[in-house]
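Asker: So that we are looking at the same thing, I have put the structure below in structure tokens.
Values in this text are rule-based calculations from the coordinates and carry no lab data. These numbers were taken from a predicted model, which means no experiment stands behind them. When we count neighbours, we look across all protein chains shown, and the Cβ atoms used for this are built from the backbone with ideal geometry, even at glycine.
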Amino acid sequence: MKFLPIFLDIHDKSCLVVGGGDVAARKAKLLVNAGANVVAIATAFSSKFKSAIAGCSITTIEKPFAEADAKNRVLIIAATDDEALNRRISDFAHEQNIPVNVVDNPELCSFIMPSMIDRTPIQIAISTGGSSPVLARNLREKLESTIPGSYGQLGKFAEAHRQTIKELLPDVDSRRRFWEWVLEGEIGELVLAGKQKQADNKMQQALKDVSIADSNIGEVYLVGAGPGDPDLLTFRALRLMQKADVIVHDRLVTDEVMALCRRDAEKIYVGKERCNHAVPQEDINHLLVRLAKEGKRVCRLKGGDPFIFGRGGEEIDTLAEEGINFQVVPAVTAAAGVASYTGIPLTHRDYSQSVVFTTGHLKDGTTDINWNALVHPRQTVVFYMGLHGIDLICKEMIAHGMSVTTPIAMVQQGTTRNQKVVIGTLEDMPGKVHKAKLQAPTLIIVGEVVKLHEKLSWFTPS
């Protein structure tokens, strides 16, 4: 993060705007809307400035800026077209530890003005770190269309009952569960629909028995995190990742996906690497049971899809035996995601009419693969977790009748910025892979469809 996003209380505090144009007027009005006492200084105020601030409580002073004008201010905005003056204001503000914003010059700023959505008391700020205000505005417009104006009423409703709930439920987790039950349920819908009286009546009933919100606790969400790109997550996955009290995650879940989880949720790492399991699978199964029995909402976050080489079936089998409520959220499996991002269709009318997913890592650690079932014409074969077995894979495919010239692709960390693709044949692929020094996780695609990579490749990670 280049800037720390914060909300600053400037109500009844003195703020200074230097500049007399329409940009300065917009900034001054924004400060007034936040309750500040605003003083604007400029050698001259344009007609646009005067028109824009009409009716606003802004003190205007026509004079050149002097350092004395900036003293005892809690915030300063420089909005002039004089670069030297803007730098002078910035330097002085930094020396005095006064927050300063120089319009369209992030290098001179100690804070920047975000693009904002106002649903008072709810506020949403969007920033690109000063790199692209237009992009921030575009994002704001998209959010504006999805966040009803009535969300402000929902915020006021919560504010009105906040202290009462705090007294009734001193425990933080209990309060969170109660508010989620209120805001995501019938009461919240009534407020959004403008049925304030009915919402108040329902709330009063709920306050008589606040334990009602605990009726749905103790559940496990088996969530697929996809192949790596957070844009490939489902809406349902995001909602449950934000709702969970505990995130139990593995090695294949990327940092970008983890950043979308609820920030205050407990994070438990149970990753597995080749020949190095941080937590044995049976222990993971029992961990999920224990956390759920403690009343926690647990998100078991797994790379790819939980039911495709993700041991999801083993985990929910244990949950079912223990009577634990659970739900499963499917995801874009690595084969589909990685193939798409490398421009290799898994099926194609001219090359392949079937596709097979397989792995060399079985439950007992063997590589007892049915090679004969894999070696068929016009079929694509995808190997999960095959980096360290590439020599054996190529050797056995050839030994069971596949041509040495059959195209093969090895993809490192597909769909992410670390994606790397190595293309070869069954004959020369082992040497190419060892030379490329690829890092797990990787995916292997074998078949004539690999020939399409050069023509159809579209994703170029930066």
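Asker: Just to confirm a number: summing +1 for Lys and Arg and -1 for Asp and Glu over residues other than Leu143 whose beta-carbon lies under 13 angstrom from that of Leu143, what do you get? Don't skip to the end; give the middle numbers.
Answerer: Values: positive: Arg119, Arg137, Arg140, Lys142; negative: Asp118, Glu141, Glu144.
Neighbourhood net charge equals +1.
Asker: To the nearest µm²/s, what D does Stokes-Einstein give for the stretch 151-215 at 4 °C and 1.567 mPa s, using the Kirkwood radius over alpha carbon pairs as Rh?
Answerer: My calculation gives 111 µm²/s for D.
Asker: When only alpha-carbon atoms are used, what values of Rg and Dmax, in angstrom, describe the stretch 335-456?
Answerer: 13.1, 40
Asker: Also: Among all the lysines, which ones have a C-alpha under 19 Å from Lys302's C-alpha, if same-chain residues fewer than 8 places away are not counted?
Answerer: Lys243, Lys267, Lys272, Lys363
Asker: I've got another one for you. D for the stretch 138-263, whole µm²/s, Stokes-Einstein with Kirkwood Rh over alpha-carbon pairs at 25 °C and 0.890 mPa s: what number?
Answerer: Once the numbers are plugged in, D ends up at 147 µm²/s.
Asker: Under the rule of at least 5 residues apart or a separate chain, name every residue whose amide H is placed under 5 Å from the amide H of Lys267.
Answerer: Result for Lys267 returns Ile247.
Asker: Not counting the cut sites, what is the longest span of the chain without chymotrypsin sites (Phe, Trp or Tyr not before Pro) that DSSP labels loop and that have at most 11 other Cβ atoms within 10 Å?
Answerer: Value returned for the longest uninterrupted segment is 8-457.
Asker: Take the eigenvalues of the Cα gyration tensor for the chain, scale each by 5, and report the square roots as semi-axes in whole Å, largest first.
Answerer: Details: eigenvalues 575, 220, 65 Å².
Three semi-axes, in Å: 54, 33, 18.
Asker: For the stretch 49-95, what is Rg from Cα atoms divided by 2.2 N^0.38 Å, rounded to two decimals?
Answerer: Dividing the Cα Rg of the stretch 49-95 by 2.2 N^0.38 Å gives 1.28.
Asker: Extending each Cα 7 Å along its Cβ direction at His434 and Ala68, get the distance between those two points in nm, one decimal.
Answerer: For His434 paired with Ala68, the spin-label model returns 8.0 nm.
Asker: Here's something else I'd like to know. I'd like the FRET efficiency for Ile147 and Asp82, computed as 1/(1 + (r/R0)^6) with the beta carbon distance as r and R0 of 35 Å, rounded to 0.05.
Answerer: Calculated value: 0.35.
Asker: Any idea how far the Cα center of the stretch 147-206 sits from the one of the stretch 1-57, in Å?
Answerer: 34
Asker: Of all alpha-carbon pairs in the stretch 219-332, indicate the percentage at a distance above 25 angstrom.
Answerer: 11
Asker: To the nearest whole percent, what portion of all C-alpha pairs in the stretch 14-113 is separated by more than 19 angstrom?
Answerer: Distances greater than 19 Å cover 32 percent of the Cα pairs.
Asker: A follow-up question, please. Give the calculated FRET efficiency between Ser211 and Asn105 to the nearest 0.05, with a Förster radius of 35 Å applied to their Cβ-Cβ distance.
Answerer: 0.05
Asker: Related question: Take the Cβ-Cβ distance between Ile6 and Glu321 as r, set R0 to 51 Å, and report the resulting FRET efficiency rounded to the nearest 0.05.
Answerer: 0.60
Asker: Hey, can you grab everything whose amide H is under 5 Å from the amide H of Lys13? Only 5+ residues off in sequence or another chain; H modelled, so Pro and N-termini drop out.
Answerer: Asn37
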